[in-house]
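Okay, structure first, notes after.
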Amino acid sequence: MSSISPVLSLRGAELTLGGRVLWSGLDLDVAPGEFVAVLGANGSGKTSLLKTVLGQHRLSAGTATLLGEPVRHGDRRIGYVPQQRLADEGTPLRGRDLVALGLDGHRWGVALPTRARRAHIDSLLDAVGARHYANAPISSLSGGEQQRLRVGQALAGDPALLLCDEPLLSLDLRAQGVVSRLIDDNLRSRGFGVLFVTHDINPVLDVVDRVLYLAGRRFRIGTPDEVLRSEVLSELYQSPVDVIRARGRVVIVGAPDQSHAHGHEHDHAEDLP
């Protein structure tokens, strides 16, 4: 992977918020076509890492570059998939309208309907398997169906990097698997890198290339088998931690904050737009 120029590169990166260092000395490269999962306990700085890449937080030390250029706010080369939030009843948007926001949601006014634009939206709907409910009101769709559309929206700008902030939260197991495979399939075919924040590694365990695990200003980076081990996490947390593997699943027991293993997690209740 060293011969391939990274999509995202952090060198000696440190982030301080509210007078507290979240992580320090972070070196991370995300290559084209690579799926990197970001794990860690509450307050470890996972969502804050995404905000830094989006140019919303400024590093207190080190550098962060996208395709060799300093990260900046509003970079259209970055796609973003948020947590699943069900649309309010009566929201006047169809499935194709939600996807279309990825093309022109940053512009003032209403985009003119053209044949090329419609064809582009249709191709995005096909890419996420959502063509058959493209004209349905989004409030009538399930959480998994809405997340498919948000993935399509994130792909609209042909991103070099896809940031995912707990996109599987509140989805049932089947929908989690569908959305995870959907992101992975498009990653392989389109060649973008993925930085995927999650509280549970299991739904994406089969598609993850590497894990970035954040805890108490420290971190570990490697394959899931290298990082998700009792001795590694015990050293990281400086406290006994057991990693149990059963029936193809990973369970982390004894971490100071175990919400990242099996429950809802959020960094200081931060929300991305």
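Scanning the stretch 210-243 for residues that are among the hydroxyl-bearing types (S, T, Y), closer than 18 Å to L22 by Cα and at pLDDT 95 or above yields one hit, Y213.
Taking the criterion of being out of contact with any Lys or Arg (no Cβ under 7 Å at 6 or more places or on another chain) and either surrounded by 14 or more Cβ atoms within 10 Å (Cβ to Cβ) or without any contact (Cβ under 8 Å) to a residue 12 or more places away in the chain (or both), the residues of the stretch 230-250 that qualify are S230, E231, L233, S234, E235, Y237, V241, I244, R245, A246, R247, V250.
Provide a single number: the residues in the stretch 37-65 that are of a type outside the set (V, I, T), in a strand (DSSP E or B) and out of contact with any helix residue (DSSP H, G or I) (no Cβ under 8 Å at 6 or more places or on another chain). Step through it out loud before you land on a result.
First pass over the stretch 37-65, keeping only residues of a type outside the set (V, I, T): 37, 39-46, 48-51, 54-62, 64.
Then drop every residue that is not in a strand (DSSP E or B), which leaves 37, 39-40, 61-62, 64.
After this cut, where a residue has to be out of contact with any helix residue (DSSP H, G or I) (no Cβ under 8 Å at 6 or more places or on another chain) as well, the list is 61-62.
Looking only at that region, the number is 2.
Within the set L162, L187, the sole residue that is in contact (Cβ under 8 Å) with a residue 60 or more places away in the chain and either small (G, A, S) or closer than 30 Å to R20 by Cα (or both) turns out to be L162. Of the residues screened, L10 is one that is in a strand (DSSP E or B) and either surrounded by fewer than 18 Cβ atoms within 10 Å (Cβ to Cβ) or not small (G, A, S) (or both). Scanning the stretch 61-92 for residues that are farther than 13 Å from L10 by Cβ, of a type in the set (S, T, N, Q) and surrounded by fewer than 15 Cβ atoms within 10 Å (Cβ to Cβ) yields one hit, T91. Residues in the stretch 66-98 that are part of a loop (DSSP other than H, G, I, E, B) and of a type in the set (A, V, I, L, M, F, W, C) were compared, and the one that is farthest from L212 (Cα to Cα) is L93. Within the stretch 16-36, restricting attention to residues that are under 20 Å from P256 (Cβ atoms) and in contact with a helix residue (DSSP H, G or I) (Cβ under 7 Å, 6 or more places away or on another chain), the residue that is surrounded by the most Cβ atoms within 10 Å (Cβ to Cβ) is L22.
Which of the residues that make up the stretch 190-204 are in contact (Cβ under 8 Å) with a residue 40 or more places away in the chain, out of contact with any helix residue (DSSP H, G or I) (no Cβ under 6 Å at 6 or more places or on another chain) and either of a type outside the set (S, T, N, Q) or in a strand (DSSP E or B) (or both)?
In the first step, residues of the stretch 190-204 are kept if they are in contact (Cβ under 8 Å) with a residue 40 or more places away in the chain; the result is 191-202, 204.
Filter once more, so that each one left must be out of contact with any helix residue (DSSP H, G or I) (no Cβ under 6 Å at 6 or more places or on another chain): 191-193, 195-196, 198, 200-202.
Selection gives G191, F192, G193, L195, F196, D200, I201.
When I78 is tested against (1) in contact with a Ser or Thr (Cβ under 9 Å, 6 or more places away or on another chain); (2) farther than 30 Å from V241 by Cα, just one condition goes unmet, and that condition is (1).
In summary, G102 fulfils each of the numbered conditions (1) closer than 26 Å to T198 by Cα; (2) modelled with pLDDT under 90; (3) surrounded by fewer than 20 Cβ atoms within 10 Å (Cβ to Cβ); (4) touching a helix residue (DSSP H, G or I) at 6+ places or on another chain (Cβ under 9 Å) with the single exception of condition (3).
If you take the residues in the stretch 132-165 that are of a type in the set (D, E, K, R) and touching a strand residue (DSSP E or B) at 6+ places or on another chain (Cβ under 6 Å), which one is farthest from T198 (Cα to Cα)? If you could, list the steps in order and put the result at the bottom.
Of the residues in the stretch 132-165, the ones of a type in the set (D, E, K, R) are 145, 148, 150, 158, 165.
With touching a strand residue (DSSP E or B) at 6+ places or on another chain (Cβ under 6 Å) added as a condition, the list becomes 150, 165.
Working: R150: 17, D165: 7 Å.
If we take residues in the stretch 132-165 being of a type in the set (D, E, K, R) and touching a strand residue (DSSP E or B) at 6+ places or on another chain (Cβ under 6 Å), then R150 is farthest from T198 (Cα to Cα).
Give V179, V208 a once-over and let me know the one that is free of Cβ contacts under 8 Å to residues at least 40 places away in the same chain, of a type in the set (A, V, I, L, M) and either crowded, with 22+ Cβ neighbours inside 10 Å or under 16 Å from G33 (Cβ atoms) (or both). Just one listed residue meets the conditions, V179. Of all residues in the stretch 211-227, none satisfies the criterion of being crowded, with 23+ Cβ neighbours inside 10 Å and part of a loop (DSSP other than H, G, I, E, B).
Any residue at all in the stretch 121-131 that is free of Cβ contacts under 8 Å to residues at least 40 places away in the same chain and β-branched (V, I, T)?
We begin by selecting, within the stretch 121-131, every residue free of Cβ contacts under 8 Å to residues at least 40 places away in the same chain; these are 121-126, 130-131.
Checking which are β-branched (V, I, T) leaves us with 121.
Within the stretch 121-131 (the criterion being free of Cβ contacts under 8 Å to residues at least 40 places away in the same chain and β-branched (V, I, T)), the answer is yes, since at least one residue qualifies.
The values are calculated or read from the model by the stated rules, or taken from the named source; none is laboratory data. Keep in mind that what you see is a predicted model, and the values were worked out from it rather than measured. Because the Cβ atoms are built from the backbone with ideal geometry, glycine has one as well, and the counts that use them run over all protein chains shown.
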